[in-house]
Amino acid sequence: MKTFIHDDFLLENKYAQELYHDYAKDLPIIDYHNHLPPSEIAEDKQFPSISDVWLAGDHYKWRLMRANGIDEKYISGSASDKEKFKAWAETVPNTLGNPLYHWTHLELLRFFNIKELLNKDSAEEIWNTTNEKLADNSMSTRNLLQNSKVEFVGTTDDPTDDLAHHTSLKQEKFSVEVAPSFRPDKALDIEAVTFGDWVKKLREASGIDISDYASFLSALSNRVDYFEERGCRASDHSIEVMFFKEASEEDAQGIYAKKINGHSLTPDEVEQYKTYTLQFLASQYKEKNWVMQFHLGALRNNNTKMLRQAGTDSGFDSMGDRLLAQPLSNFLDSLEVSDILPKTVLYCLNPRDNYILATMAGNFQDGSVPGKIQFGTAWWYNDHINGMENQMEILANVGLIKHFVGMLTDSRSFLSFSRHEYFRRILANLFGKWVEKGIVPADMDLLGSYIEDISYYNARRYLNLK
């Protein structure tokens, strides 16, 4: 059977169709947060099979395959690439209602011009066709980026990374700007048993002899400078449970020394250390005019057995439900009072918190930048039609959707850029439905300016891209 994706896919009326085709469709892509490996861009990797570019490390697909009764051997195990692909093909017809059904067929159509539905009957032919096309130079990582009209890629990088691949791409003047993003989660996770080992890596990367907390902060500042020199424009923080407990530098110094000397920390001490250290980092971001991103509320590694077998980021994370509003307010307020609050994007995993973040952002707008504090796009388990519409409607209800910085992939796949098309269609359709309901004017120039800004221009301005 031929694909159901056509020119007006997801566009329910003439207004939506005009807004998408005339204002969104042909805009370039700024993907300011993803997990693409910079090494694969630098080496211009060719993928040996569709499984390598599509299934390796894709925990979204892995979760659905497990739910479909597929043995782990064919997911993260020892099965061949072809066997894993066929296991996914067997799963796809059972994913109706899940965004992966749309993403799968959108990617097959846009990157491979495949118009057949993927299932166990079409799997062999699609396996052969995709692999034949992947062997062509036009499907290398750099060409995939360029052909998708990607202008900017923000990868996710540990402060101890040498950023050699970013440097080489910059020196080569590759047409797509591939910028690192500063992800210092391991600097904050003082309760982790691996914290001391990470401090040693930080010492090696910074060249600073870390003898106490003050020199630890100096080493972090050194790495912020290093990232800045290599084009960094944003930090990113995965925060499972938001924290705030006031602490002085002396408090943090004592807590740091206690940990390094092998003593256990109390929960209050952990929270004090994290609060002061993140306040310090925020001051660095403000000085550099970086964007600070908080990804809030994941409950990670729920399945201990599978954590041991498949490792982290393998599809065993879900939504958390810890209280968010008060500690987040206290933390942002502590930055604002000290005039060190940078541009900030807040993402929540639990949609229960959508109104919390949308209204929290309004507390700290200061008139310096339109949309300085952002309620970020629908993230992870909310990255579907209902979730994206809900996030945008709530933002419009209590804030200014006009300044929304829009979509990102948060993906490890070079085929995921069609999700920007998916988002833009949903965005145009949302505005089209508003026109049809009579709640916004049928002024296509006005509405088109919203669509263009949210799809592209707002992110470009927000990140200070040339």
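None of the figures in this text is laboratory data; all of them are computed from the coordinates on show. Not measured: the values here are computed from a predicted model. Every residue, glycine as well, gets a Cβ built from its backbone with ideal geometry; the counts of neighbours run over all protein chains shown.
Using equal-weight Cα scatterers in the Debye expression, the normalised intensity of segment 312-466 in log10 at q = 0.17 Å⁻¹ is -1.10. When the charge dipole of segment 275-327 is built from unit charges on Cβ atoms (+1 for Lys and Arg, -1 for Asp and Glu) and taken about the Cα centre, the candidate among Val291, Asn302, Gln279 whose Cα reaches farthest toward its positive end is Asn302. The amide H of Gln293, built 1.01 Å from its N in the peptide plane, has Ser235, Asp236, His237, Val345 as neighbours under 5 Å, considering only residues 5 or more places off or on other chains.
Lys and Arg at +1, Asp and Glu at -1: add these up for the other residues within a Cβ distance under 14 Å of Leu427 and post the number. That sum, taken over residues with Cβ under 14 Å, equals -3.
The calculated pair-distance distribution of segment 333-389 uses every alpha carbon pair, bins of 10 angstrom beginning at 0, and gives 23, 47, 24, 5 percent.
If you take all other residues with their beta carbon under 9 Å from the beta carbon of Lys186, and give Lys and Arg +1 and Asp and Glu -1, the sum is -1. The fewest-to-most ranking of Lys120, Lys86 by surrounding Cβ atoms within 10 Å reads Lys120, Lys86.
Scoring 335-342, 1-8 by mean Cβ neighbours within 10 Å over their residues and listing the highest first yields 335-342, 1-8.
Let a ≥ b ≥ c be the square roots of the eigenvalues of the Cα gyration tensor of segment 1-85; is it rounded (a/c under 1.5), or, if not, prolate (a/b larger than b/c) or oblate? Because a/c hits 1.5 or more and a/b fails to exceed b/c, segment 1-85 counts as oblate. Partner lysines whose Cα lies under 21 Å from the Cα of Lys372, excluding those fewer than 8 positions away in the same chain, are identified as Lys286, Lys288, Lys343, Lys402, Lys466. Using a cutoff of 8 angstrom between alpha carbon atoms and counting only pairs six or more residues apart, the relative contact order for segment 46-139 works out to 36 percent. Computed about the Cα centre, the dipole magnitude for segment 46-139 is approximately 260 debye when only Lys and Arg (+1) and Asp and Glu (-1) carry charge, each at its Cβ. Counted over the chain, the DSSP beta bridges are approximately 10% antiparallel. Taking other C-beta atoms within 10 Å as the exposure proxy, Asp383, Asp52 rank Asp52, Asp383 from fewest upward. Note on the chain: dipole from Cβ charges, positive end direction compared against Leu430, Val92, Ser218; the farthest Cα belongs to Val92.
Under a no-solvent Debye model with one identical scatterer per Cα of the chain, what's log10 I(q)/I(0) at q = 0.10, 0.12, 0.13 Å⁻¹? Cα-only, vacuum Debye calculation for the chain: -0.78, -1.14, -1.33. Of Phe227, Phe195, the sequence from fewest to most neighbouring Cβ atoms within 10 angstrom is Phe195, Phe227. Counting lysine pairs in segment 1-114 that sit 8 or more residues apart in sequence, or on different chains, and whose Cα atoms lie under 29 Å apart gives 21.
A dipole drawn for the chain from +1 and -1 charges on Cβ atoms has a positive end, and of Phe112, Gly57, Val153 the residue lying farthest that way is Phe112. Debye-formula intensities of segment 46-139, expressed as log10 I(q)/I(0) at q = 0.13, 0.17, 0.24 Å⁻¹, are -0.39, -0.68, -1.40 (one equal scatterer per alpha-carbon, no solvent).
For a straight C-alpha distance cut-off of 12 angstrom, the aspartates and glutamates reachable from Lys120 (same-chain residues fewer than eight places away being disregarded) are Glu83, Glu90. Computed over segment 141-292, relative contact order equals 24 percent, with contacts defined as Cα pairs under 8 Å that lie 6+ residues apart. Of the peptides 216-223, 28-35, 201-208, 343-350, the order by per-residue mean of other Cβ atoms within 10 Å, starting with the highest, comes out as 343-350, 28-35, 216-223, 201-208. Less than 13 Å Cβ to Cβ from Val270, Lys/Arg counted +1 and Asp/Glu -1: what total charge do the surrounding residues give? Combined, the nearby Lys, Arg, Asp and Glu give -3. Would you mind giving the three semi-axes, in whole Å and largest first, of the ellipsoid equivalent to segment 121-245 according to its Cα gyration tensor? One finds semi-axes of 37, 19, 13 Å for segment 121-245.
In summary, the lysines within cross-link reach of Lys245, defined as a Cα separation below 17 angstrom excluding same-chain residues under 8 places away, comprise Lys274. As a length-normalised measure over Cα pairs under 8 Å and 6 or more apart, the relative contact order of the chain settles at 22 percent.
Taking the Cα atoms of segment 216-329, the ratio Rg/Rh between the radius of gyration and the Kirkwood radius comes to 1.01.
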